[in-house]
Each structure stands twice: as C-alpha cells, then as structure tokens.
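The next block holds one structure in the form of structure tokens; read it before the comments.
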Amino acid sequence: MAAKQQVECVKEGNYIRVPKGLVNVIVDETKISGVDPKGEATIYRGYTIEDIGEHASFYEATHLILYGRLPCDEELKEIKAKIDKYRGMVPEKIFDALKYVPATHPMYYGIYGVSLLGQYYAPDWRFDEDFLYDHALRVTAQLPVIFAAGWHLARNGTFYRPDPTKDHAWDVLRMIIGREPSEIEARAFESTLVLYMDHGFNASTFTVRVIASTLSDLYSAIAGGIAALKGPLHGGANEKAMEMFLEAQQKAEAKGVPLYEYIEEYIKEKLAKKEKIMGFGHRIYKLHDPRTDVAKKYVEKLKNGDYWMKVIKKAEEVMWNEKKIPANIDLYTGVLYYQLDIPIPMYTPIFAMGRVVGWSAHYIEQVLNNKLIRPTEKYVGPTGLKYVPLEERCKK
Ligand code: ACO
C-alpha cells in the first residue's frame, strides 16, 4: 500500500519537514502578486488580476508589476519608449546563432537565446536598482524577439524583424504569425500576456528566486524560469490542451458529430484511463481560475468564437460533474492562440513572454533582500558502505 502522503509540517529535531511538493508551505513574503489574505482573489500589486488583465496595456501592467504602481503619462511614455527601443536591439550575432538551431521545441530557443543575451549583458553584473530595472526591461523586450526569430529561422532560414515604431504586443504577434494582426487580435494577445505576467510563487518563479538567491545574474535566472515553465504540469499545458481538442475534433469528425457533442465521451474515456485532462486543475484555484473570465471574453470575439465556447463550456461541465475540477487559464489561451493562427509549439513561449516581467520583478525583490535559498534533505539511503576496487567488486 502506498505510504500516506504527509500534509502538514512536522518538527524533526532542529528541522521542519514540509509536505512533498511544498504544498501549502509559505516560503517567503512578496509584494508583487499572490492570493489576497482573505483567500478570495489573486492580486497584482493591489489590483485583482482580472481588473488588470481586462483593462491594462502591456506597458501599464509591466510598470505595475516591476515598479509597484500604474504609470502616469510621463512614466508610461518612458517605459513604452524603452521596451520598444530594446525590442529592436537584439544583438545581430544572436540571430546568426539562431540560424543553426534545429527545428525542435521553441522553448529551447528561449533558454539558449536568453543565455546568449546574458553573455552580452551580464559579465559585469551589478545589483544597483537602476541597472537591475534597465535589464528587466531589456529581457522583457528581447525575449519575444528571440522566440519568434528562433521559430522562423529554424524552419525557414529567415525571420520577421522587430519594428520599434509599433506597439509591443502587436509587433510580437506579427513576428510570430508573419502577418499584421487586427486590433482585436492584438488586444486579445496582449491581454493574455498581462494575465500570464505573474502568479505568486509558482514553479518557474520559485526557480527564478532560487537562482537569484545565489546572486547569479538575471539572464541566468530567466533561463532557469523558462526551463521550469516548459513542463506540461506548468506552462506546457496550453499546448497540450489544444492538442487534446484537435485530437478529439478528428475523432468527432470520423463519427460525423460536432466536437461539442463528442467532447463528453472523449473526456470520460480519458478519465476512465486515469489520464489527466490538460487545461484543468490548479494548485491554488480549486473552484475557479479568475483569469479564465478575461480570456473567455476574447475567445468569444475571435474567429469561430461561438463554436469554441460551446466546446469549452461542455468540457468544463463534464470535468465539474465528474471530478469537481475547474478549467485553468491554459485551456482558454490554448484555444485563443489557435484562433490567432499561432503554431501550437509557440503557446508556451508566449506564456514566457508575459511571465518574464514577473520573473524579473521577483529576481529584483529577491536580490534586494536576499537570503540564499538552500533547504536541507532527509537522507534515507544506505550508510556505512566501503569502496571496493573494481576487480573485486564485480567478481561473480
Ligand atoms: N485531470 C484529471 N484529474 C486531475 C486533473 C486533471 N487536469 N488535475 C488534478 N486531477 C486529479 C488528480 O489526478 C488527483 O486525483 P487523486 O487525488 O485521485 O490522485 C487530484 O485531482 C489532485 O491532483 P494533483 O495533481 O495532486 O493536484 P495538484 O494541486 O498537485 O496539481 C496540477 C495541480 C498539476 C495543475 C494538476 O491539476 C494538473 O496536472 N493539471 C493538468 C495540467 C495543467 O493544466 N496545468 C496548468 C496549470 S495552470 C498554469 O500553469 C498556468
């Protein structure tokens, strides 16, 4: 029988043993984002995540997350000017390097490209605030260019150059899809970048904070964040959710029924096989993910919105009846990015293009009030073994 999972902290001598997966463990304080003390809403620097996701531009939200307040006129102009300028300043040699990457998952281009950026910007790394904030804006502006260029260069040997005269979200979407997006498409895309911007001590942000706590540079920390985000239990779920819908759609077509009628059977079959349904469930949101409310409004307005909302609603109904598990943001963004003609492997990189702002803010918060994050372990392996030379060790 499997051992009963420990759910509470237990004192063991001088140590505290915490639950596996750090479930319900508070590891530090942050003023950037998190669930409010009443446990009722997720907060970005005092505002609800849905308020900012629905109303703020990418520049406003970036200012809020990084500096702690929504910008006034001059501040907004300044942050916009910097992000747009830096977007056009990716070192040319990084594009040259990206010409030689294989056509694999583009999250690798982010990990690779951001460490190349670090080789330009980080050798003389410092911890004064102006320097840190300036690099937060550089990496925020340049990471999307690297992802988009890597994607196209690896596949077509050419790419869409950034246009610093354009709005960040519009320009990034254009570089990904290779056409000029409409106003509503650009705003839908921008809103998801804002919704993804930060989310407390999630796995990738915690990774960034661990790396920051060693006083490594921001670019190295962001490379770690991208690596953590890549996993299907975290950012990778938006791709998996859409792949699931497309697989189900094929099966529905073979049966001659619309997907919104077939999805119930498809989900129930998967649940019967004990498979997870991607785009559902969350460590914190057990009843409802508020980010889905904002994303839903855009899914409704984009291409085939009615059709996709019928599919999502049915899937949500089935998962609630069967498992009492709500949809998460990745179910909605998976569909929304599909409506924008974005190639599926670029969905998780887009998550990173928003989250890079939160990672940078957490990096700065950590290094400005630092304590090396280094837990201890409970060793449960054997002891007392003695080295035996090879010739004696493997005698039959
Ligand atoms: N489909 C089916 N069952 C599920 C799902 C799901 N999506 N999510 C949770 N469950 C079940 C588990 O099987 C488990 O059942 P059991 O107690 O019978 O074993 C129970 O619910 C608890 O699930 P855990 O995975 O232990 O919950 P945890 O809080 O650790 O996990 C997680 C949260 C990892 C997000 C999980 O819900 C999951 O794997 N979801 C699918 C992946 C996904 O959509 N990730 C995106 C998260 S949002 C984001 O990163 C922006």
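Just so it is clear, none of the values below were taken in a lab; they were calculated from the coordinates. Treat the numbers as computed from the prediction; the structure is a model and nothing was measured. Glycine also receives a Cβ, built like all others from the backbone with ideal geometry; neighbour counts cover every protein chain displayed.
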**Request:** Note down, for the stretch 237-339, the three equivalent ellipsoid semi-axes (square root of 5 times each alpha carbon gyration tensor eigenvalue), biggest first, whole angstrom.
**Result:** 19, 18, 11
**Complete:** Reduced to Cα centres, the span from the stretch 17-61 to the stretch 317-355 in Å works out to 19
**Asked** DSSP H helices in the chain with Cα extent of 20 Å or more along the helix axis and mean Kyte-Doolittle hydropathy at least -0.5?
**Response** 107-121, 129-156, 347-367
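Using only the alpha carbon atoms of the chain, find the Kirkwood hydrodynamic radius as the inverse mean reciprocal pair distance, in angstroms to one decimal. Let's see the in-between values first.
Values: mean 1/r = 0.0444 Å⁻¹.
Evaluated on the chain, it is 22.5 Å.
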**Spatial separation of Cα centroids for the stretch 77-119 and the stretch 223-237, in angstrom** = 18
**Message:** Can you give me the long-range amide H partners of Arg17? Hydrogens built in the peptide plane at 1.01 Å from N, cutoff under 5 Å, separation of 5 or more residues or another chain.
**Reply:** Val10, Lys11, Glu12
**Asked** Any idea which of Phe245, Ile325, Leu336 is furthest toward the positive side of the dipole for the stretch 237-339, if Lys and Arg beta-carbons carry +1 and Asp and Glu beta-carbons -1?
**Response** Ile325
**Request:** Quick one: plug the Kirkwood hydrodynamic radius of the stretch 137-277 (C-alpha pairs) into Stokes-Einstein at 10 °C, 1.306 mPa s, and report D in µm²/s.
**Result:** 88
**Request:** Divide by every residue of the chain the summed helix terms, -39500 (n - 2.57) for each DSSP H run of at least 4, and state the resulting mean residue ellipticity at 222 nm, rounded to the nearest 500 deg cm²/dmol.
**Result:** -18500 deg cm²/dmol
**Asked** How many angstrom lie between the C-alpha centres of the stretch 141-156 and the stretch 240-272?
**Response** 32
**Item:** Size of charge dipole - the chain - debye, nearest 20, with Cβ of Lys, Arg +1 and Asp, Glu -1, no other charges
**Value:** 1640
**Prompt:** Taking the alpha-carbon set of the stretch 35-98, what are its Rg and Dmax in Å?
**Reply:** 15.8, 51
**Item:** Length released on extending from Glu392 to Asp163, taking residue separation times 0.36 nm less the Cα-Cα span
**Value:** 75.7 nm
**10 Å beta-carbon shell around Asp28, net charge (K/R +1, D/E -1)** = 0
**Request:** Note the full-extension length gain between Ile26 and Glu253 as 0.36 nm times their separation in residues minus their Cα-Cα distance, in nm to one decimal.
**Result:** 77.0 nm
**Loop chymotrypsin sites (Phe, Trp or Tyr not before Pro), the stretch 34-67 (other Cβ atoms within 10 Å of the site Cβ: 12 or fewer; DSSP)** = none
**Asked** Relative to a virtual label point 7 Å from the Cα of Asn14 in the Cα→beta-carbon direction, which members of the stretch 362-390 show backbone nitrogen distances below 17 Å?
**Response** 374-379
**Item:** Nonlocal amide H pairs with Val35, under 5 Å, H built at 1.01 Å
**Value:** Ile43
**Message:** If you take every residue apart from Phe351 with its C-beta less than 10 Å away from the C-beta of Phe351, what net charge results, scoring Lys and Arg +1 and Asp and Glu -1?
**Reply:** 0
**Message:** Looking at the chain as a GNM with Cα springs under 10 Å, which of Pro232, Pro375, Pro19 has the largest mean-square fluctuation?
**Reply:** Pro375
**Complete:** Rounded to one decimal in nm, the spacing of the 7 Å Cα→Cβ label points at Asp124 and Lys301 is 4.6
